[in-house]
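Peer 1: Just dropping this structure here.
The values are calculated or read from the model by the stated rules, or taken from the named source; none is laboratory data. Since we're looking at a predicted model, the values are computed, not measured. Counting neighbours? That spans all protein chains shown, and the Cβs are built from the backbone with ideal geometry, glycine included.
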Amino acid sequence: MKKKWTLLLASTMLLSMLAACGSGTNEQSKENSQETEDTKKTEETMEIKWFRQEVGSTRNKEFYKKIEDKFHELHPNIKVVGVANSSNLTVSEFLKTSLASGDMPDVVTMQSADEFGKANALLEIPDHIANLLADPEFGRTGGKLYTMPYKTDVIGVFYNKKVFADLDLSVPKTWAEFTDAANKIKEAKLTPLSTSGKDSWVLGMGGLWPLVGAEALNNNTDYPKQRASDELTFQDDVFKSALNKFKDWNQNGYFGKGVLGMNYQQATEQFTSGKAAMYIMGSWIAGSDLPNLKPDFEVGFFPLPSDKGVLGYMTKGTEGWSVSATSEHKEEALEFVKFLFEDKEVYTSLLQAEGAFSTTKEPVTYEMNEYGQAIMQGIEGIQPYPLPGFGLGETAWAPGIDSYLFKILQNIIAGADVNKEIEAADQEWSRLAN
């Protein structure tokens, strides 16, 4: 009898243990199941927003989607969602608005890293990513890198080789030769310089910055840095001389008639149609899809000369990719920035779409069209110099001053007094800097 009770007790205990184990297993299964669902949910919903500029058909939504999809293939738990600027705001204005509303994208096109970095709006780029650049020290603010400059643009004078040959003109090597060529082109009933007075940025890139740069090389190479630190003002001879030369271009009729009503596309078409002999513009035109971009003549290129000659060609290399400090997926965003540089196919496509030159430690090249080839021939053996006013770090000018200065050029075309415009520019600098 005792044996039966022992067996019964043992059986009861065993059943109790099994029941307990079963209950624990069920609970554990539920927990595991929940964790699996949570993980799956996280993998499916992790998104990083990427703000980039959609321009024409060369850099449209479909172009960028191929890049986004390729990254997603490598990182299935991360989905990149494109964000475009559909407003008339500048890149900087768009990002300031996004930041103020608490909706700044994770990865952004950045043209004002100094300003946004000082405002603690950007994440510092770690060294293992910064070291992908040929010069990882370039553009640091207070020793910190807030953007990864992904391209270098070249700005100078595109010219119609047929017109130059027909008029027996050589490529100008000095300011006097440039002026002489422009006068002879005007005498031939052609527009010497195509530009857009309606889109003020074209006046800036095709007038103000090349002129200030040439004057700086000619008289004071430290001017951009000294203006940034307030050691010098716009009253300095470098800036004043540049604006007076721009005024001379206008008064001499080099821009032709109706320039204030002409936009970027019309200015480009005026050059490519052969109605204008020269066009001061950036290398991004090589990646443009503007109508009639392909001319019926051979395109040439030369840096705008100064009084002392051609002392350098102007480059713009401040635009880059940055990560928002408010991003909820900082590591993933940084991984995407790294991908944009490390994947050669992706990086090459980004450069080619903008006709730009690489900034990476390992240079990237691609087959250039006639504009790109003309630039390469025109800058051979010449040293580069950075575009003034668009610097980073100690060469960064007051945020927003570029837009104001571009509008000054419109005013000068309309007949405004140069000295009064310069006084107003210094006042605007003080307002923006403070």
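Peer 1: For the stretch 185-199, state whether one or more residues are touching a strand residue (DSSP E or B) at 6+ places or on another chain (Cβ under 6 Å) and surrounded by fewer than 17 Cβ atoms within 10 Å (Cβ to Cβ).
Peer 2: No - not one qualifying residue is present in the stretch 185-199.
Peer 1: Being within 25 Å of the chain's Cα centre (by Cα), surrounded by fewer than 17 Cβ atoms within 10 Å (Cβ to Cβ) and free of Cβ contacts under 8 Å to residues at least 12 places away in the same chain, is that true of even one residue in the stretch 204-225?
Peer 2: yes
Peer 1: In the stretch 97-146, which residues are surrounded by fewer than 23 Cβ atoms within 10 Å (Cβ to Cβ), within 16 Å of the chain's Cα centre (by Cα), under 22 Å from GLY400 (Cα atoms) and of a type in the set (A, V, I, L, M, F, W, C)?
Peer 2: Listed by number, the list holds a single entry, PHE138.
Peer 1: Is it true that VAL154 is under 28 Å from GLN377 (Cα atoms) and in contact with a Pro (Cβ under 9 Å, 6 or more places away or on another chain)?
Peer 2: Spelling it out, VAL154 is indeed under 28 Å from GLN377 (Cα atoms) and in contact with a Pro (Cβ under 9 Å, 6 or more places away or on another chain).
Peer 1: Could you name every one of the strands (runs of 3 or more DSSP E) located completely within the stretch 313-395 that has at least 2 residues being buried (at least 20 other Cβ atoms within 10 Å of the Cβ), of a type in the set (S, T, N, Q) and not assigned by TED's automatic domain parsing to the domain that holds SER283?
Peer 2: Counting at least 2 such residues, we get no strands (runs of 3 or more DSSP E) at all.
Peer 1: Could you list all residues from the stretch 175-203 that are within 25 Å of the chain's Cα centre (by Cα) and of a type in the set (S, T, N, Q)?
Peer 2: SER194, THR195, SER196, SER200
Peer 1: Mind checking which residues of the stretch 298-311 are buried (at least 17 other Cβ atoms within 10 Å of the Cβ) and either more than 30 Å from VAL238 (Cα to Cα) or in contact with a helix residue (DSSP H, G or I) (Cβ under 6 Å, 6 or more places away or on another chain) (or both)?
Peer 2: Of everything in the stretch 298-311, those that are buried (at least 17 other Cβ atoms within 10 Å of the Cβ) and either more than 30 Å from VAL238 (Cα to Cα) or in contact with a helix residue (DSSP H, G or I) (Cβ under 6 Å, 6 or more places away or on another chain) (or both) turn out to be VAL299, GLY300, PHE301, PHE302, LEU304, PRO305, SER306, LEU311.
Peer 1: Separate question: For GLN377, state whether it is touching a residue at least 40 places away in the same chain (Cβ under 8 Å) and over 25 Å from ASP199 (Cβ atoms).
Peer 2: The answer is yes for GLN377.
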